[in-house]
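One structure is given below, encoded as structure tokens.
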Amino acid sequence: MRIQRKFIDWRATGNRLFRLRSDNFQLRQRVCSALRKDTDKCHSASGDCAACTDPYMDKSISRAELAEVFGVSESVINNWEDGRTEVGIEDLLFYCELAAVKPDDLLVFYT
């Protein structure tokens, strides 16, 4: 049995990251929590982000907001999503944790 090496298609993976940023409720909650909790910007009466009904939660996350959570510049997020640069393993795992997805849900491979 021959095992073929797989390579990551960073452009297709970046497209998945973009779609995830645009439409993942878990990611939106966690980014909102990281950026707004304990500030006057949090609209949750209880301060519980999981129960938040803020209208903000119905919109996608901006690259700037995601960049702030990751501690990188907005252009880094842009480069990841456009497939121009690879996402480091630590950042990829953090992204998966934030969005409650598995790495296999994000990575696109080719042989």
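A few points about this structure:
- Residue within the range 45-62 that is at pLDDT 85 or above and under 21 Å from Val101 (Cα atoms) present: yes
- All positions within the range 61-82 that are closer than 19 Å to Asp23 by Cα and either of a type in the set (A, V, I, L, M) or touching a Lys or Arg at 6+ places or on another chain (Cβ under 8 Å) (or both): Ile61, Arg63, Ala64, Leu66, Ala67, Val69, Glu74, Ile77, Asn78, Glu81, Asp82
- Residue count for the range 13-40, restricted to those that are at pLDDT below 90, charged (D, E, K, R) and in a helix (DSSP H, G or I): 3
- Selection within the range 68-111 - in contact with a helix residue (DSSP H, G or I) (Cβ under 7 Å, 6 or more places away or on another chain), within 22 Å of Phe7 (Cβ to Cβ) and either assigned to a strand (DSSP E or B) or among the charged types (D, E, K, R) (or both): Glu81, Asp82, Glu86, Asp91, Lys102
The values are calculated or read from the model by the stated rules, or taken from the named source; none is laboratory data. Remember, predicted model here, so these are calculated numbers, not experimental data. Reconstructed Cβ throughout: ideal geometry from the backbone, glycine too, with neighbour counts over all protein chains shown.
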